[in-house]
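Report on one structure; see the data block that follows.
The values are calculated or read from the model by the stated rules, or taken from the named source; none is laboratory data. All values reported here derive from a predicted model rather than from experimental measurement. Ideal geometry is used to build each Cβ from the backbone, glycine not excepted, and the neighbour counts take in all protein chains shown. For the accessible areas, the whole protein counts, side chains as well, though only heavy atoms, and no ligand, DNA or RNA atoms are used. Shrake-Rupley method; radii C 1.70, N 1.55, O 1.52, S 1.80 Å.
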Amino acid sequence: MQGEILSYEVLHGDCREVMAGMDECSVDSIVTDPPYGLSFMGKGWDKGVPGVEFWVEALRVAKPGAHLLAFGGTRMVHRLAVAIEDAGWEIRDRIHWVYGSGFPKSHNVSKAIDKAAGLEREVVGESNINIYESNKNHKFYVEGEGNPAYSKGKITAPATPAAQQWDGWGTALKPAVEPIILARKPFKGTVAANVLEWGTGAINVDGCRVEYQDDADRAGATPQGRVTSKNIGSIAVTPDAGRGESRVEFERPKQQGRFPANLIHDGSDEATAGMGDASRYFYCAKAGKKDRDEGLREWRETTTDDGRTKPIENPYLRCNTERKNHHPTVKPTDLMAYLCRLITPPGGTVLDPFNGSGSTGKAAVREGFNYIGCELDPEYVEIARARIEAVGVPA
């Protein structure tokens, strides 16, 4: 589709059937956020990681050398990687998206013991979290207290010796990272030949460099001992699978910025606290407040119960949120735009077999790419189309 007028399609149906109707070797990249296989919120579409048959069909429609980026959950990403690899894709790397917005979803063992014993726990205090001030755009429901404009959660004490023994124990860690599988469709010959024939096979390094913050940052990008033109001749390089790639290639500093890494963060204090000044080495994808509902001004709000509105053990908060885009796992458009730009050639076509509410499509057309999305839920199809159209691209 290179050279054609920018266009997009969001197609309703099972992605395996939709892709079966597409031409072989017709898309330049695949960027997708498939189900994680965690039964998230009891959603039927999240009961399992997409198996080999999904990625076989994706491989067929991808051009030789086309790259695939697929999000996964930390618990089940190994199943995702195996399914992609067994379908015939070549696993190239894994990008880690680190963020500070995740809520702990741990089961409070002490409370569970008391509940099983049928005992009430004594309320010994209130949490110091100002629910209203930190969530002004949400409607909250605190257990047993209706719908106050401002309230605090309850702190309770163990009611049994067993609960006391296991007080402070849970079942899960706070989510703070999501892995993204980077894979490539195999091809014959060299990368150079494949790029010239198909426009695929390489990643857009310069287009995804991390900008220097200032002159000092630029100067610091040249560490001591970097290989230079004077000594690079003494470095042995090994051809990779006959494709003319080098396993050892040394990067010289460029004016555009630092070389893109396999780590992305959201700029939050939680995500970058351990990095210190080194956080500037990595791309920062911040989510805009209006991103989720952009293009849905005329839509009615829908009360939902998504991942951020589930009850949490402390401070015993339950909340319902009124949103127009009620998809529970919306990714930031800036993040998806960066990923599309990383692996898609200019004017190329991005495919997302698991379209959801259209963040990949919104990002792709904003970056100047054509887009094809597949979505099983008809309501999400309409939400996605509205969000993409808000970018100003003709359907």
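Worth pointing out:
- Whichever residue in region 113-134 is surrounded by 15 or more Cβ atoms within 10 Å (Cβ to Cβ) and at pLDDT 90 or above and, among such residues, is farthest from the chain's Cα centre (by Cα): 121
- In region 21-44, the residues that are at pLDDT below 95 and surrounded by 15 or more Cβ atoms within 10 Å (Cβ to Cβ): 33, 34, 35, 36, 37, 38, 40
- Filtered by the rule that a residue be under 19 Å from the mean Cα position of the chain (by Cα) and either open to solvent by 10 Å² or more (accessible area, probe 1.4 Å) or β-branched (Val, Ile, Thr) (or both), region 370-380 gives 372, 375, 380.
- So residue 207, is it modelled with pLDDT of 70 or more, assigned to a helix (DSSP H, G or I), within 21 Å of the chain's Cα centre (by Cα) and surrounded by 11 or more Cβ atoms within 10 Å (Cβ to Cβ): yes
A quick yes/no check of all residues on (1) at pLDDT 55 or above; (2) farther than 23 Å from residue 27 by Cβ; (3) surrounded by 13 or more Cβ atoms within 10 Å (Cβ to Cβ):
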| residue | (1), (2), (3) |
| --- | --- |
| 199 | yes, no, yes |
| 212 | yes, yes, yes |
| 240 | no, yes, no |
| 259 | yes, yes, yes |
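- Of the helices (runs of 4 or more DSSP H) that lie entirely inside region 326-395, those containing 2 or more residues that are at pLDDT 95 or above span 333-343.
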